Every structure is written in structure tokens, then in C-alpha cells.
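The values are calculated or read from the model by the stated rules, or taken from the named source; none is laboratory data. In this text, all values refer to a predicted model and were calculated from it rather than measured experimentally. Heads up, the Cβs are rebuilt from the backbone with ideal geometry, glycines too, and the neighbour counts pull from every protein chain shown. Ligands, DNA and RNA are excluded from the accessible area calculation, which covers all protein heavy atoms including side chains. Shrake-Rupley method; radii C 1.70, N 1.55, O 1.52, S 1.80 Å.
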Amino acid sequence: MGYSTIEVERMGASLGAYVHGVDFSKKLSDEQFQDVHDALVDNSVIFFRDQDLSREGQMEIGHRFGTPEIHPIVAGSNDHPELIEVLKPAGEGASFGTGWHTDNTFFEKPTMITMLYGIETPPVGGDTMWASMEKAYDHLSDGMKEMLADMVVVHSAKVAFDPRTTADKYEGKHSLKYTYSDVVNEEVEHPLIRTHDVSGRKSIFVNPMFSIRIKGMTEKESAPILQYLYDFSTQPEFVCRFRWQDKSIAMWDNRCTQHFAMNDYVEYKRLMRRITIGGDKRPV
Ligand code: SIN
């Protein structure tokens, strides 16, 4: 894809690119916004260094992409409830986003895009990894693609935010504030193979945090198939890994990726600011 206002430097073989020539302290022109949008669709996750991104700037860019979401369980900021300050104080283990997942697939219209800004990042550790669910789909055998083609998967937050097994979250033992919501026990259905609404590319749309079972099967029957797909899609060849610095931005496309926040920097603080942009349609 040709871009007229930015330079795009591919970072991972399967996904990921550094984008140069953007200054998020200023409002992006329509042309540059379109280039950034296209770079995201082309690379699935894009990275920017040395950005001064204000809270208002993050809200503004969020609105350019679509509708910023208010998380039903994790508290946002007072001024902009759509902005979540992801704070991991020094001395605590990381608990937010650790484990492979795609953001909020327990929503009927799952999150489309996430933008994470590094405010205070550790000198070492705290990297984030992304897996290309498109690359993974492309490498399935024809027989497997055929078997999965019409399957539907039930997603829910009932495991990830179960008040019995994650009581520490609701009891305020973490720096993020969690509030129980009935959403936790709801179930939604999404196709197992999804087609990207902009690129038209197909990807595997399951993740171990929120996918519960394949529709029409028990959890036990679904588990081997889902586990195979979790392992297959996160093999190192389909993954890129980003080393954070203060003032870095990562922006990822949840329609075709999973991600994993490392929990390997207990001695350091990490403070990020996150916004998610809602999907405007149900996945197909
Ligand atoms: C997330 O899962 O949205 C957070 C990722 C991170 O903190 O690196």
C-alpha cells in the first residue's frame, strides 16, 4: 500500500510496523488519518515512538476511528471514562492483559481497535506481544479450514471476570478498579472464522480469555479444538513483540489479532493509558 504522509517500516514478518512522520500532539489531517488507518489495516498493529499524546488528543483520535467504549467492569478515568489508566505499581505483579486475548470479545460488537500509550514504562520487561490470526488462518490445512468454516463460538467474561476466582480484583487488591456487572455472565456468539470488514481477509477469531465453547458442543468437546487453535495461532512465527519506551504508542486491530502483556517486571512501575474503539457491527 502506498502512503502519502507517513513512512511505514515493517517490524515483524507476520504483523506489526513502525509508523514514522506522525505527530499526535497535533490534529492529524484527514489525509494523514487515512494513511494511519490504512497502515493499521495493512499491518494489524502499528507503533509510534516519542509522541506527546494528551488525554484530549487520545479521545480525539479515538473518535476519528469510531466510538470510544466505556468498559463495563474496569473503571475508566473521571474526566473521560473511556480512558483507562493501566497502572502496575512497583512491587506488584502485572494482572491486566496477561495471557493471550482479543479485547472484549464478550461484547456483541467486540472492540475494533485499541490504542495504548506508554506514560511510564519499565527499563526492562513489560513488553507486549501480538499474534496474527490472519497468518494463522492462512496456514491451516484446507481440511481444517473447511471443518471450521461454519462454526460459531460462544464468548463470555464469565471465566476471566468470575467473582469467585478473581475475587482479588473486586476486593480492590489491584491498582485498577473492577466493578461486578451482569455482563460478566452473558454469552454472545461470533463466527469462529471471521472476515475483516475492510481488508476482506479471513482470520481465526478465538481467544483463551473469552472463548468458552463451540456452539452445539459441550465445553469438554470444544476444548481440544479450541486449544489446538490457541496453540497454533500463537506460535512464534505468527507473533511480534514490542519493547515499550515512555511516549510510545501501540495501536492494534482486534478484528485479526490477539495480544499478551508480559508479567516479568515486578520491581518496576508501568503506567499506560488505554482507549478502545467499539466495533460498529457484529463480526461476520
Ligand atoms: C491490554 O491487554 O489491553 C493491555 C496490554 C498491555 O498492557 O501491554
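Looking at 129, 133, 112, can you tell me which residue is in contact with a Cys (Cβ under 9 Å, 6 or more places away or on another chain), aliphatic (A, V, I, L, M) and open to solvent by 10 Å² or more (accessible area, probe 1.4 Å)?
129
Check whether at least one residue in segment 215-230 is within 16 Å of the ligand (Cβ to nearest atom) and β-branched (Val, Ile, Thr), and report yes or no.
Looking through segment 215-230, none of the residues is within 16 Å of the ligand (Cβ to nearest atom) and β-branched (Val, Ile, Thr).
Within segment 265-284, track down each residue that is away from the ligand (no atom under 15 Å from the Cβ) and over 17 Å from residue 95 (Cα atoms).
279, 280, 281, 282, 283, 284
Just to verify a result, which residue in segment 75-98, among those that are in contact with a helix residue (DSSP H, G or I) (Cβ under 8 Å, 6 or more places away or on another chain) and farther than 11 Å from residue 272 by Cα, is surrounded by the most Cβ atoms within 10 Å (Cβ to Cβ)?
My answer is 82.
Considering every residue within segment 46-54, establish whether at least one is assigned to a helix (DSSP H, G or I), crowded, with 20+ Cβ neighbours inside 10 Å and at pLDDT 95 or above.
Looking for residues that are assigned to a helix (DSSP H, G or I), crowded, with 20+ Cβ neighbours inside 10 Å and at pLDDT 95 or above, one finds none in segment 46-54, hence no.
Name the single residue, out of those in segment 231-249 being hydrophobic (A, V, I, L, M, F, W, C) and more than 15 Å from the ligand (Cβ to nearest atom), that is least open to solvent (accessible area, probe 1.4 Å).
Per the stated criteria, the residue is 238.
Report yes if some residue within segment 250-264 is farther than 16 Å from residue 206 by Cα, among the polar types (S, T, N, Q), within 11 Å of the ligand (Cβ to nearest atom) and open to solvent by 10 Å² or more (accessible area, probe 1.4 Å); otherwise report no.
Yes, segment 250-264 has at least one match.
Within segment 206-229, does at least one residue satisfy the condition of being in contact with a Lys or Arg (Cβ under 6 Å, 6 or more places away or on another chain), small (Gly, Ala, Ser) and open to solvent by less than 20 Å² (accessible area, probe 1.4 Å)?
Yes, segment 206-229 contains a residue that is in contact with a Lys or Arg (Cβ under 6 Å, 6 or more places away or on another chain), small (Gly, Ala, Ser) and open to solvent by less than 20 Å² (accessible area, probe 1.4 Å).
Considering only strands (runs of 3 or more DSSP E) fully contained in segment 71-169, which possess at least 3 residues that are more than 11 Å from the ligand (Cβ to nearest atom)?
113-120, 152-155
Looking only at segment 184-204, count how many residues are in contact with a helix residue (DSSP H, G or I) (Cβ under 9 Å, 6 or more places away or on another chain) and open to solvent by less than 10 Å² (accessible area, probe 1.4 Å).
Matching residues across segment 184-204 total 4.
Out of curiosity, is residue 15 in a loop (DSSP other than H, G, I, E, B) and farther than 28 Å from residue 161 by Cβ?
No; evaluated as a whole, the condition is false for this residue.
Being more than 21 Å from the chain's Cα centre (by Cα), of a type in the set (Lys, Arg) and at pLDDT below 90 is the filter here; which residues of segment 143-201 pass it?
If the condition is that a residue be more than 21 Å from the chain's Cα centre (by Cα), of a type in the set (Lys, Arg) and at pLDDT below 90, then 164, 173 are the ones that fit.
Consider only pairs whose beta carbons are under 6 Å apart and that are at least six residues apart or on different chains; among these, list those whose first residue lies in segment 225-249 and is closer than 14 Å to residue 208 by Cα and whose second residue is part of a loop (DSSP other than H, G, I, E, B) and open to solvent by less than 10 Å² (accessible area, probe 1.4 Å).
Correct list of pairs: 226/206; 229/206.
Tell me the residue from 87, 83, 148 that is within 24 Å of residue 203 (Cβ to Cβ) and of a type outside the set (Asp, Glu), please.
Only one candidate passes the filter, namely 148.
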